[in-house]
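The values are calculated or read from the model by the stated rules, or taken from the named source; none is laboratory data. Please read all numbers here as calculations on a predicted model, not as lab measurements. Every residue, glycine as well, gets a Cβ built from its backbone with ideal geometry; the counts of neighbours run over all protein chains shown.
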Amino acid sequence: MSEITFTVSELNEFLKISFDESKILRDIYIRGEISNFTNHFKTGHYYFTLKDSDSSLKAVMFRMYTRNIDFIPQNGMKIIAHGKIDVFVRDGTYSLKVDNIIPEGVGSVFLSYEQLKDKLDKEGLFSQEHKRALPPFPQKIGVLTSATGAVIRDICNVASRRYPLCEIINYPVSVQGDKAVTEIIAGIKHFEDSDVDIIIIARGGGSLEDLMPFNDEKLARKIYACAKPVISAVGHETDFTICDFVSDLRAPTPSAAAELAVPSLSELMFRLDNYRVQIKNSITDLIDRKNREISQLSQKSVLSKPFAVIDEIEKNINVYSELLKNNINNIFEYKKKVLDGYDINNKMTQIINIKKLKLAELTHKTEALSPLSVISRGYSVVYKNDIIVNDVIQLGADDEIRIRMSNGNVIAEVKEVEQI
C-alpha cells in the first residue's frame, strides 16, 4: 500500500498542475470529428466533442478565438484542433481548450505550415521591431522570380511607368518545386553582395502545395537575416505565406510590390510644383514685408533729413565735449588744491599768529582803560540803585549806596552830603 494518500480534490489538483506543466499538453494538435456542436450565441463560445472510432474528448473554443476562423464548424466535420488540455478539478474531467481549428481537408501540408508559423512567431522572426524601412528613392531593385511569365513583366512595367530612374534586375529562380528554396536563397545571397537597394521575392497565385517553397524554414531565416529590405509578393491578395510574415513588407500582388518599392515620378513632380509655388509665395511675401520695412525706415528723419540729424548730433557732441572739458578742469583744480594744501596751511598759521598778537595788544589796552584796573589801584565806584554816582548832588541824607571796591562791595547809608 502506498504511503501517500490523496483526497479526491488533491488528486485532481495534482493532475491539473501536471497537465499545465506538460509541454506537449500545453501545445497540442488533435485530429477528430466534430459532434454535439453548440454555438452559444449569447457568449459566442463553441462547445463540441471531438471523436474518432474508439474515443471522444470534450472541447471548448472561447469567443476570443472563434473570431479568428472564417467558418462555423458543423457536426460530422473532420478537423485538426490546436490548443491545450485542461483539467476541471471539481468533476475530475479534462477537456481541450481550442484556439484554432483547421479543416482536415487541407491535410498535413497546412498543419506543418501552421506549426512552423507558430514556431517562428514565438522566436520573434515576425516582430515589427525588426522590419527595415524601404529607401525612398531606390536606384536598383533585385527581383527573384521566374525569368518568363507575367510576374517580371508586371513589375518592370509598373516600375518603369512610376519611376523610370530605377533599374530592375531579375535573378531567375524556380518559384515552385524542389529546387525553388535553394535557388531563392542563392538569389538573396547574390543580391546581398550587389548594389541593389531592395529585393523583391515574387510569384503568381497557386495552391497551398504550389506555394510551399515560400513556407520553408531555411528561406524564412535567410530573409530574416538579410542585410537589405525584402518585399514579399507571393500569390494573390488572399494568400499568406511564411515569406510574407518574415519579410520587411508584404505586397498583395507582384504589381503592388513594384508600386510599394518605387515612388511615383508624376506625384513627385506634382509635389515639386507645389513646393515651387510655396517657395515663390514665401519669397514674394518676404520681399513685400521687407519693402514695407524699408518704406517705414525711409520715413525716419535719419534717412529723410540725414544732414539735420548729423548737425544735431554735432551740437550734442560739442555740448558734451564742453561739459567733459569743464569736469576735467574741475578735477585738475581740485587735485591742485589738494597738492597745495600744505602751503595753504602754513599761510593760515602765520595769519592766525599775527591776529593773536593784535588781539593780545588790544586786550592789554582794554585792560588799562577798564574801571576795574583803576579800582585795583585804590579807587572805588559808588552806586545808587545800581547807577553810578558821579556827582554829589545825586545823593541825599539817608540814601542807601553801594560802594564797589577791587575785592568786594560795601553797603552804606549817607549821613550828610557836602559839596566842594
Assess whether Leu116 counts as being at pLDDT 90 or above and closer than 30 Å to Ala227 by Cα.
no
Take the residues in the range 205-223 that are surrounded by fewer than 19 Cβ atoms within 10 Å (Cβ to Cβ) and touching a residue at least 60 places away in the same chain (Cβ under 8 Å); name whichever of them is farthest from the chain's Cα centre (by Cα).
Glu209
Can Asp239 be described as in contact with a helix residue (DSSP H, G or I) (Cβ under 8 Å, 6 or more places away or on another chain), in the same structural domain as Val181 (by TED's automatic domain parsing) and of a type outside the set (A, V, I, L, M)?
no
Taking into account only those residues within the range 234-245 that are in contact with an Asp or Glu (Cβ under 9 Å, 6 or more places away or on another chain) and outside any helix (DSSP H, G or I), which is surrounded by the fewest Cβ atoms within 10 Å (Cβ to Cβ)?
Gly235
Selected residue (only one of Ile155, Ile185, Ile169 is assigned by TED's automatic domain parsing to the domain that holds Cys243, in a helix (DSSP H, G or I) and in contact with a Lys or Arg (Cβ under 8 Å, 6 or more places away or on another chain))
Ile185
With respect to Leu297, is the statement that it is under 52 Å from the mean Cα position of the chain (by Cα), in a helix (DSSP H, G or I) and at pLDDT below 80 true?
yes
Among the residues of the range 11-31, is any in a helix (DSSP H, G or I), among the polar types (S, T, N, Q) and either touching a Cys at 6+ places or on another chain (Cβ under 6 Å) or in contact (Cβ under 8 Å) with a residue 24 or more places away in the chain (or both)?
yes
Just the residues that are of a type in the set (A, V, I, L, M), within 24 Å of Tyr113 (Cα to Cα) and either crowded, with 17+ Cβ neighbours inside 10 Å or touching a His at 6+ places or on another chain (Cβ under 9 Å) (or both), please, taken from the range 70-99.
Met77, Ile79, Ile80, Ala81, Ile85, Leu96, Val98
How many residues are modelled with pLDDT under 80, in a loop (DSSP other than H, G, I, E, B) and at negative phi if we restrict to the range 359-406?
6
Does any residue of the range 169-184 turn out to be more than 17 Å from Val234 (Cα to Cα), surrounded by 22 or more Cβ atoms within 10 Å (Cβ to Cβ), hydrophobic (A, V, I, L, M, F, W, C) and in contact (Cβ under 8 Å) with a residue 12 or more places away in the chain?
no
Quick one: in the range 250-284, of everything that is outside any helix (DSSP H, G or I) and in contact with a helix residue (DSSP H, G or I) (Cβ under 6 Å, 6 or more places away or on another chain), which residue is nearest to Tyr113 (Cα to Cα)?
Arg250
Expected output for the range 397-420 (first residue within 14 Å of Tyr379 (Cβ to Cβ) and among the small types (Gly, Ala, Ser), partner outside any strand (DSSP E or B) and modelled with pLDDT under 85, Cβ below 6 Å, 6+ apart or cross-chain) is Ser406/Ile375; Ser406/Ser376
Surrounded by 20 or more Cβ atoms within 10 Å (Cβ to Cβ) and at pLDDT 90 or above: is that true of Thr145 in this structure?
yes
Inspect all residues belonging to the range 1-9 and state whether any of them is at pLDDT below 90 and surrounded by 11 or more Cβ atoms within 10 Å (Cβ to Cβ).
yes
Tally of residues being of a type in the set (Phe, Trp, Tyr) and either out of contact with any Pro (no Cβ under 7 Å at 6 or more places or on another chain) or exposed (fewer than 13 other Cβ atoms within 10 Å of the Cβ) (or both) across the range 34-69
4
When residues of the range 188-210 are limited to those that are assigned to a strand (DSSP E or B) and hydrophobic (A, V, I, L, M, F, W, C), the one farthest from Ile141 (Cα to Cα):
Ala202
